[in-house]
Amino acid sequence: MAGKLTMIVGPMYSGKTTELLSFVEIYKLGRKKFKVFKPAIDDRYGKSLVKTHTGLEVEAIAVEGSKDIVNLLEEKIDAVFIDEVQFFDKDLVRIVKQLIDSNVDVFCAGLDMTFKQNPFETTAALMAIADEVIKKKAVCEVCGEYKANLTYKVTEEEKEIDIGGKEKYIAVCRDCYNNLSKER
Ligand code: ADP
Ligand code: TMP
Ligand code: MG
Ligand code: ZN
């Protein structure tokens, strides 16, 4: 039977990694064979851990690009988990497609948009081919409502690829994003 692609997307702090780890737990409990990957660019928590903002963690393989994922897979595996897919090259889409066609379940978590509200291309393309898309939201750090679907950058740095946490980014709802942008 073909595998399934599940995408977990949303702004920062929306629980994407937490949800990814809860799927890892299910495969672990079922004694399935799986591997967890993350892009090497995200060095926040050390090279070989996928970690949530609350400190939950699981061992992972840090890879430079999507090709490394193929090279690191063994003959028979039940599932592949990938965090921070927004940082992968577009070739990840072809690789994920191959995996689901060869009966592997794939779970990906990643940002759907940059802080400028531009779609992250690899996430967008994966969402298009996914069997299921779980769109998460966070608590807006300005108004306190549970409807934050955007990430706002609080520093002056304009780079759209810039690793960091609360010192750089907050989760906000659309109204608060627009108000903060006007105040600049
Ligand atoms: P993501 O991978 O989407 O950035 P994580 O799964 O790593 O998210 O972390 C989610 C956790 O972040 C929540 O369980 C909560 O404890 C914490 N958190 C911090 N700020 C917020 C926020 N604004 N809204 C919701 N959760 C937040
Ligand atoms: P998170 O979704 O697990 O919180 O991690 C998101 C990572 O992406 C974090 O290191 C910050 C980074 N990031 C960017 O590089 N550009 C952006 O536009 C945003 C919103 C986050
Ligand atoms: Mg995360
Ligand atoms: Zn708000």
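The values are calculated or read from the model by the stated rules, or taken from the named source; none is laboratory data. If you're wondering where the values come from, they're calculated on a predicted model, not measured in any experiment. A quick note on method: Cβ atoms are made from the backbone with ideal geometry, for glycine too, and the neighbour counts reach across all protein chains shown. These accessible areas exclude ligands, DNA and RNA; they are computed on the full protein's heavy atoms, side chains included. Shrake-Rupley method; radii C 1.70, N 1.55, O 1.52, S 1.80 Å.
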Quick check, is Asp112 open to solvent by 80 Å² or more (accessible area, probe 1.4 Å), under 27 Å from Ser66 (Cβ atoms) and either within 16 Å of ligand 4 (Cβ to nearest atom) or in contact with a Lys or Arg (Cβ under 8 Å, 6 or more places away or on another chain) (or both)?
no
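For (1) part of a strand (DSSP E or B); (2) within 24 Å of Glu57 (Cα to Cα); (3) among the aromatic types (Phe, Trp, Tyr), each residue gets a yes or a no:
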{"residue": "Glu75", "(1), (2), (3)": "no, no, no"}
{"residue": "Leu92", "(1), (2), (3)": "no, yes, no"}
{"residue": "Leu99", "(1), (2), (3)": "no, no, no"}
{"residue": "Ala128", "(1), (2), (3)": "no, no, no"}
{"residue": "Val133", "(1), (2), (3)": "yes, yes, no"}
{"residue": "Thr151", "(1), (2), (3)": "yes, yes, no"}
{"residue": "Ile170", "(1), (2), (3)": "yes, yes, no"}
{"residue": "Cys176", "(1), (2), (3)": "no, no, no"}
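Counting only residues that are in a loop (DSSP other than H, G, I, E, B), farther than 21 Å from Asp78 by Cβ and of a type in the set (Val, Ile, Thr), how many does region 101-126 have? Spell out the reasoning first.
Applying the first criterion (in a loop (DSSP other than H, G, I, E, B)) to region 101-126 yields 102-104, 112, 114-118, 120.
From what is left, the residues that are farther than 21 Å from Asp78 by Cβ are 112, 114-118, 120.
The next check asks that each one be of a type in the set (Val, Ile, Thr); those that pass are 114.
Residues that pass the stated criteria total 1.
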Under 7 Å between Cβ atoms, which residue pairs at least 6 apart in sequence (or on different chains) link something in region 75-97 that is on the phi < 0 side of the Ramachandran plot with a partner that is open to solvent by 10 Å² or more (accessible area, probe 1.4 Å) and of a type in the set (S, T, N, Q)?
Asp83/Thr17
The residue that is surrounded by the most Cβ atoms within 10 Å (Cβ to Cβ), considering only those in region 163-184 that are within 15 Å of ligand 3 (Cβ to nearest atom) and more than 11 Å from Cys140 (Cβ to Cβ), is Tyr169
For region 90-108, check the following and say yes or no: at least one residue is within 16 Å of ligand 2 (Cβ to nearest atom), of a type in the set (Val, Ile, Thr) and modelled with pLDDT of 95 or more.
no
Considering region 50-77, residues that are charged (D, E, K, R) and within 20 Å of Asp89 (Cα to Cα), and then whichever is least open to solvent (accessible area, probe 1.4 Å), we arrive at Asp68
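Condition check ((1) over 20 Å from Asp101 (Cα atoms); (2) over 11 Å from the mean Cα position of the chain (by Cα); (3) near ligand 2 (Cβ under 10 Å from one of its atoms)) across all residues:
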residue	(1), (2), (3)
Ala2	no, yes, no
Leu5	no, yes, no
Gly15	yes, no, yes
Ser22	yes, yes, no
Tyr27	no, yes, no
Ile41	yes, yes, yes
Leu49	yes, yes, no
Ala60	yes, yes, no
Hey, can you tell me all the residues within region 1-49 that are part of a helix (DSSP H, G or I), surrounded by 14 or more Cβ atoms within 10 Å (Cβ to Cβ) and within 16 Å of ligand 3 (Cβ to nearest atom)?
Lys16, Thr17, Thr18, Glu19, Leu20, Leu21, Phe23, Val24
